Amino acid sequence: MTSRDERGTKHNAQHTTHNARSIGRSDHQTRWNGSYKERLFTLVVATMSKRTLDAFFSRADSPKRTRTNATSSAILPTAPVAGSIQTTNHSTYPWPVPHLPGRVTEELELQVTAQGKEIKDQPHLDLLYFQPFIPRSIERELFTFLRSELFFYRVKYTIKRFGKETLINTPRFTTVFGIDETSRFFNDGTQIVEASDLSKPVRKDKYKCRPRPIPECLDLLRRVTEANTNTKYNFCLVNYYASGSDSISFHSDDERFLGPDPAIASFTLGAKRDFLMKHKPPKGQEPKPETRDIKIPLASGDMVLMRGPTQSNWLHSIPKRKGGEAEKGRINITLRRAMIPAGTENYYRYNVGEGGVYKWDDSKREMLPWPGSNVPS
Ligand SMILES: O=C(O)CCC(=O)C(=O)O
Ligand SMILES: [Fe+2]
């Protein structure tokens, strides 16, 4: 499917292989040998950037820093400037995005041996549920940080439904970072080059959209998740459900540009919301397998890894809810791996779009249009 907010979802997508390597399946319970300390050390090293590695081994209480407009590399964070907070910046960003607070970074970097619970008790279902993945000691701070520091969009687009142009108002805030497997950000993110030849900048017309590098604060989560799930991710999509009226309708992330049997890691921060799953209706003459609908009340810090045949056979949604906890706002982060440029175009079209930017206003406690950006009234 192309969008996750059209009422009718497409259930019969045929998968093809785009000369892609198949997405690695995690064998979570069995892949570690050696002592706990050894594997922790190996994982910590595998997960950390050089800067954080240096910081890890020479950690000292640093003086409280004040925000500056320091611009650091979009790809390789530079050494901290005394008295400043490091940020990731890029020409596509409305403002620089700070790196995570030290305490949050430290806790996340240690979160490399999280154990998930397998849920495979129904046909075509393969979930790994981490309850939580993001430690309880930092989930609140991470939620508050991301809500305050990221830029969000409220995307509108039209689709043809029953031959008629219909306007879709995405019922949540969204933002996205990343680029598909055929390209890489290079030179502090200032250039996009061919993955097959890093000395070759991509043709000007390779992308209609303007891909954005993943800011360091989300890239750390990506690296830690890669180490835990034995899977590569190149995209980070973020949803913000401001209240119980925000939602995502039943869909599956089964687009061809993700390749067959994609693994998608999906994080919850903030308000608890129900995550619903149901088996897709059978195609043609196929018998409907006996399945039960699923309801998982996802709490702050939880992560669900959906993998294997799950996307081609099951739909998932976050339904609207009246009042209660949902009013506190929920962030969802999904990590995925797009194989071809069509994935990049799709993700920017439906998660950034053409409209204006929104930023969290801490005194008004809501997302407000960012002055100067063209948010339609
Ligand atoms: O918010 C969630 O938990 C689900 C989000 C989702 O399914 C998506 O972005 O594709
Ligand atoms: Fe989804």
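Among residues other than PRO132 with Cβ under 9 Å from its Cβ, the summed charge is -1 (Lys and Arg +1, Asp and Glu -1).
Taking amide hydrogens as placed 1.01 Å from N in the peptide plane, the amide H of ALA195 sits under 5 Å from those of SER183, ARG184, each at least 5 positions away in sequence or on another chain. For the stretch 295-327, trypsin sites (Lys or Arg not before Pro) are listed when DSSP marks them as loop and at most 13 other Cβ atoms sit within 10 Å of their Cβ; the list is LYS322.
ILE85 sits with roughly 40 Å² accessible to a 1.4 Å probe, with DNA, RNA and ligands left out of the calculation. Annotation for the stretch 146-205: chymotrypsin sites (Phe, Trp or Tyr not before Pro) lying in DSSP loop with at most 14 further Cβ atoms inside 10 Å of their Cβ are PHE162.
Each listed q (0.07, 0.14, 0.16 Å⁻¹) maps to a log10 I(q)/I(0) for the stretch 87-363 from the Debye sum over equal C-alpha point scatterers, namely -0.25, -1.08, -1.43.
For the cross-link pairs LYS208/LYS320; LYS206/LYS232; LYS117/LYS278; LYS164/LYS272; LYS206/LYS272; LYS156/LYS328, which exceed 28 Å when the distance is taken from alpha carbon to alpha carbon? Listed pairs above 28 Å: LYS208/LYS320; LYS164/LYS272; LYS206/LYS272.
The values are calculated or read from the model by the stated rules, or taken from the named source; none is laboratory data. This one's a predicted model, so the numbers in the text were calculated from it and none came from an experiment. Heads up, the Cβs are rebuilt from the backbone with ideal geometry, glycines too, and the neighbour counts pull from every protein chain shown. Ligands, DNA and RNA are excluded from the accessible area calculation, which covers all protein heavy atoms including side chains. Shrake-Rupley method; radii C 1.70, N 1.55, O 1.52, S 1.80 Å.
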